[in-house]
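A short write-up of the structure that comes next.
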Amino acid sequence: MDNRAIGVFDSGVGGLTAVRRLHEIMPNEDIIYFGDTGRVPYGTRSPETILKYARQDVRFLRKFDIKAIVIACNTVSAVALETVAAETDVPIIGVVWPACAKALSATRTGRIGVIGTQATVRSGVYARMLTAARPGLSVHMQACPLFVPLAENGRVHRGDIVPETLAREYLAPIQAAGVDTLILACTHYPLLSEVIADVMGPDVTLIDSGAAAAESVRGMLIPAGDRAGDTRYFVSDDPEGFNRLAPGFLNGPLSHPAERVDISDY
Ligand code: DGL
């Protein structure tokens, strides 16, 4: 057994969708979560800035005795995973490949949609990985930048005209492409899955990338012993907003309120 913690980081509160799945399937594990709430969003930034932030996030987590790092953020996984993994002495797991693997098993028609931030879509990494694994697939990508602030403000529910209107507009080209599988390639989008599913219809399988990453972690690490795991939360801005939003992403209360760190020290 290995009782060291798993480090998880994201640009903000969204990575808690991966933590939620880790809690469900690996309840014995300790987790150290860092959300860069002072610098969110990452998804509109340049690759150089995203890499700089990712390096600092990793250096902060390396302060703790951890056995692996999960990059819950799709933007960082798409843009900086290979570089930070090569520089770091613990395993680093991103969300892109686990989400692609699930989509490859789910698709029947070979037509896959991917929605994410501008940086994730611009990187083209999902299309590259999917078509490298299965040449001939048809991959359709769409940035949905306004979904992140909607999720941050709790405007995610069926019956709310704002997310419903945006979802119809963003998803129209993906629908027109006739996909049967849609990767939610952003931490925040699972919160909108009801609204997204209503637009896409019952025949389209939605893939939650954070949950897929959490599931892949289970097979890769030596598990902790038989005990209740604990999760500590750190953020780079006033913890108040994080503490308020977190229960919606975690689907349950925070075990400890978040602590503030100065990420510029790392
Ligand atoms: N965490 C980001 C992602 O999954 C979404 C929020 C942001 O743009 O920073 O891509």
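Using helices alone, what [θ] at 222 nm do you get for the chain, with -39,500 (n - 2.57) per DSSP H run of 4 or more residues, divided over all residues and rounded to the nearest 500?
-13000 deg cm²/dmol
For region 173-266, report the accessible area per residue in Å² (1.4 Å probe, heavy atoms, rounded to an integer).
44 Å²
Taking the alpha-carbon distance from Lys102 and a cut-off under 21 Å, which lysines remain once sequence neighbours fewer than 8 residues away in the same chain are dropped?
Counting by Cα, and skipping residues close in sequence, Lys102 has no lysines nearby.
Please report the net charge: other residues with Cβ closer than 12 Å to the Cβ of Phe64, K and R +1, D and E -1.
+4
Rolling a 1.4 angstrom probe over the protein chains, ignoring ligands and nucleic acids, what is the accessible area of Asp198 in square angstrom, nearest 10?
Approximately 80 Å² for this residue.
Which order do peptides 253-266, 54-67, 106-119 fall in by mean Cβ count within 10 Å, highest first?
Going by the mean number of other Cβ atoms within 10 Å, highest first, we get 106-119, 54-67, 253-266.
Given Cα pairs under 8 Å that are at least 6 residues apart, what percent is the relative contact order of the chain?
29 percent
Using a 1.4 Å probe on the protein heavy atoms, what percent of the accessible area of region 58-148 belongs to carbon and sulfur?
Percent of accessible area from carbon and sulfur atoms in region 58-148: 53.
How many nm separate the modelled label positions at Thr165 and Asp198, each set 7 Å beyond the Cα in the direction of the Cβ?
So the label points at Thr165 and Asp198 sit 1.4 nm apart.
Just how far, in whole angstrom, is region 87-115 from region 238-266 if you go by their alpha carbon centroids?
27 Å
Using a Förster radius of 51 Å, what is the FRET efficiency between Arg260 and Thr109 based on their Cβ-Cβ separation? Nearest 0.05, please.
0.60
The values are calculated or read from the model by the stated rules, or taken from the named source; none is laboratory data. These numbers were taken from a predicted model, which means no experiment stands behind them. Note: ideal-geometry Cβ built from the backbone for every residue, glycine included; neighbour counts use all protein chains shown. The area values use the complete protein model at the heavy-atom level, side chains included, leaving out ligands, DNA and RNA. Shrake-Rupley method; radii C 1.70, N 1.55, O 1.52, S 1.80 Å.
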